[in-house]
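**Q** Sharing a structure here in structure tokens format.
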Amino acid sequence: MVMTSIFQRALGPDFDRLHPRIQRRFSVGLDSGEACVGRGVMDRVRHGGRWIRPFLALGATRHILVPRVGRDVPFTIENFPYRDSFGRETVTFVRTFAFPGRPQRFDATMVFSRERGCIVDYLGTHQHLATDLHVHADPEGALVIRSGEQRFREGPVNTHVPALIRGDAVVRESYDDQAQCFRVRVAVSNRYFGPLFGYEGTFQAEHIGVAAHGVRTDLRPVREEARA
């Protein structure tokens, strides 16, 4: 039986164009039985300026984006697969930035949606925001992720997020053979107001067995949303 992760399903034949270390990292899933934990340093964590800070601080209460800035910030990313309460294969993307005094978390959980033909990224602890992610391999074998349509889900509310207030993300993750580390660059911007948030840096990755370690409760969202 061929083992497929949510990223393999989303990428299709393009998955084979990724660097082998990127392939291994994004093979994390229920079939592989592996989780991946990355630890490193973000050379820079930034945001768009003082005007955006109150919005980032509000999002940070639900672990959406990060309101602080800094350089050489210790960083951890935890990718654990599990089956959610709706039976969907889900992978955590929990990023912790160890700022002095108080760490900041940026949480997401991802599923593959056949109906939407892409990965759906639920942001934060309560999965209020669902974002389409479109993925491809670039000529250097890096994984590039671009966000698309975004939707707000809360109780009876089920609405599209207009471009005026939406954050559009571009993520590039690669493997540097010479330095023997992963490199990540994330930029979130608004088409009208410019840069909102971003970070870039390097990390090492460790693959561990999910059966042996399980999935910590604090990595899973407080509330799960059925609507993609």
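The values are calculated or read from the model by the stated rules, or taken from the named source; none is laboratory data. A quick note: this is a predicted structure, and the numbers were derived from the prediction, not measured. Here the Cβ positions follow ideal geometry from the backbone for every residue, glycine too, while neighbour counts run over all protein chains shown. In case anyone asks, the SASA skips ligands and DNA or RNA and just uses the protein heavy atoms, side chains included. Shrake-Rupley method; radii C 1.70, N 1.55, O 1.52, S 1.80 Å.
**Q** With respect to Val69, is the statement that it is more than 17 Å from Arg216 (Cα to Cα) and touching a Gly at 6+ places or on another chain (Cβ under 8 Å) true?
**A** No: the conditions fail for Val69.
**Q** Out of Glu115, Glu154, report the one residue that is modelled with pLDDT of 95 or more, more than 17 Å from Thr76 (Cβ to Cβ), open to solvent by 10 Å² or more (accessible area, probe 1.4 Å) and among the charged types (D, E, K, R).
**A** That would be Glu115, the only listed residue that is modelled with pLDDT of 95 or more, more than 17 Å from Thr76 (Cβ to Cβ), open to solvent by 10 Å² or more (accessible area, probe 1.4 Å) and among the charged types (D, E, K, R).
**Q** For the range 211-220, indicate whether the set of residues that are more than 19 Å from Met110 (Cβ to Cβ), in contact with a strand residue (DSSP E or B) (Cβ under 8 Å, 6 or more places away or on another chain), open to solvent by 30 Å² or more (accessible area, probe 1.4 Å) and outside any loop (DSSP other than H, G, I, E, B) is non-empty.
**A** yes
**Q** Could you say whether any residue in the range 100-116 is in a strand (DSSP E or B), touching a residue at least 40 places away in the same chain (Cβ under 8 Å) and among the small types (Gly, Ala, Ser)?
**A** Checked the range 100-116: at least one residue is in a strand (DSSP E or B), touching a residue at least 40 places away in the same chain (Cβ under 8 Å) and among the small types (Gly, Ala, Ser).
**Q** Need the failing condition index for Gly141 against (1) of a type outside the set (D, E, K, R); (2) assigned to a strand (DSSP E or B); (3) in contact (Cβ under 8 Å) with a residue 40 or more places away in the chain, just the number.
**A** So the condition that Gly141 fails would be (2).
**Q** Here is a further query. So, of the residues in the range 166-178 that are in a loop (DSSP other than H, G, I, E, B) and surrounded by 12 or more Cβ atoms within 10 Å (Cβ to Cβ), which turns out to be farthest from the chain's Cα centre (by Cα)?
**A** Arg166
**Q** Can I ask one more? If you check Gly124, Gly141, which single one turns out to be open to solvent by less than 10 Å² (accessible area, probe 1.4 Å), within 12 Å of the chain's Cα centre (by Cα) and on the phi > 0 side of the Ramachandran plot? Can you show your working first?
**A** Working: Gly141 fails: within 12 Å of the chain's Cα centre (by Cα).
Residue meeting the stated conditions: Gly124.
**Q** Also, quick follow-up: Just to be sure I understand the filter: pairs with C-beta atoms under 6 Å, separated by 6 or more residues or on different chains, first member in the range 46-64 and over 16 Å from Phe97 (Cβ atoms), second member of a type in the set (A, V, I, L, M, F, W, C) and assigned to a helix (DSSP H, G or I). Which pairs pass?
**A** none
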